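Participant: Before I ask anything, let me first share the structure, which is written out below as structure tokens.
The values are calculated or read from the model by the stated rules, or taken from the named source; none is laboratory data. Predicted model, so just to flag it, every value in this text is computed and none were measured. Here the Cβ positions follow ideal geometry from the backbone for every residue, glycine too, while neighbour counts run over all protein chains shown. Only protein heavy atoms, including side chains, enter the accessible area calculation; ligands, DNA and RNA are left aside. Shrake-Rupley method; radii C 1.70, N 1.55, O 1.52, S 1.80 Å.
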Amino acid sequence: QVHLVESGGGLVQAGGSLRLSCAASGSIFSINVMGWYRQAPGKQRELVATYTNGGTINYVDSVKGRFTISRDNAKNTVYLQMNDLKPNDTAVYCCYAHRGGVVYWGQGTQVTVSS
């Protein structure tokens with residue numbers, strides 16, 4: 001089992017920044033991908049950013065140039081730095097980890113961007 005705990009969400013004005021953190025514990029060896037999804041009210045869940053063990057990083061087009069995913073292996077933590085936030089970024093952001101064919105999820109953290 002992998003346990004994920006997120007922090008760092010909140011309310012911010014458009015143009016502002018937030019940093020989300022996701023700390024992994026439990027059977028963290030062999031986690032091969034960590035990343036972030038988001039889901040806004042009435043919309044489908046969207047994959048925002050991923051970071052593989054090999055160092056490959058991917059972003060959804062709408063956040064490229066504004067969001068940065070990073071990973072601290074010593075702390076078993078993945079971060080999502082979000083800059084120049086827009087109202088359309090408002091959503092519940094969930095951390096996930098992929099290990100051994102199983103996907104583990106965090107509880108989610110709300111990000112609200114006011115215009």
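Participant: Pick from Ala23, Ala14, Ala74: which residue has the top mean-square fluctuation in a GNM of the chain where Cα pairs under 10 Å get a spring?
Facilitator: Ala74
Participant: DSSP loop trypsin sites (Lys or Arg not before Pro) in the range 63-104 with at most 13 other Cβ atoms within 10 Å of their Cβ, which ones?
Facilitator: For trypsin sites (Lys or Arg not before Pro) across the range 63-104 that sit outside H, G, I, E and B with at most 13 neighbouring Cβ atoms in 10 Å, the list reads Lys64, Lys75.
Participant: Now a separate question. For the chain, give the magnitude of the charge dipole about the Cα centre (Cβ charges: +1 Lys/Arg, -1 Asp/Glu; no others), in debye to the nearest 20.
Facilitator: Dipole magnitude for the chain comes out near 60 debye.
Participant: In addition: Under a straight-distance cross-link criterion of Cα-Cα below 22 Å, which lysines are reachable from Lys86, leaving out those fewer than 8 residues away in the same chain?
Facilitator: Candidates past the 8-residue exclusion: Lys43, Lys64.
Participant: Under a GNM of the chain (C-alpha, springs under 10 Å), which listed residue has the highest mean-square fluctuation: Ala91, Ala49, Ala40?
Facilitator: Answer for the Gaussian network model of the chain: Ala40.
Participant: Also, I was wondering about something else. How big is Rg to Rh over the chain, alpha-carbon atoms, Rh as the Kirkwood inverse-mean-distance radius?
Facilitator: Result for the chain is an Rg/Rh of 0.95.
Participant: Quick one: what Rg and Dmax do you get for the range 8-51 from the alpha carbons, in Å?
Facilitator: Both quantities, over Cα of the range 8-51: 13.5, 38 Å.
Participant: Further question on the same structure: At a 1.4 Å probe radius, carbon and sulfur cover how many percent of the accessible area of the chain?
Facilitator: 49 percent
Participant: Excluding ligands, DNA and RNA, what is the solvent-accessible area per residue of the chain at a probe of 1.4 Å, expressed in Å²?
Facilitator: Heavy-atom SASA per residue in the chain reads 52 Å².
Participant: Tell me, what HN-Hα J-couplings in whole Hz come from the Karplus equation 6.51 cos²θ - 1.76 cosθ + 1.60 at θ = phi - 60° for each residue of the range 70-75, using x for Gly and Pro?
Facilitator: 9, 9, 10, 5, 5, 9
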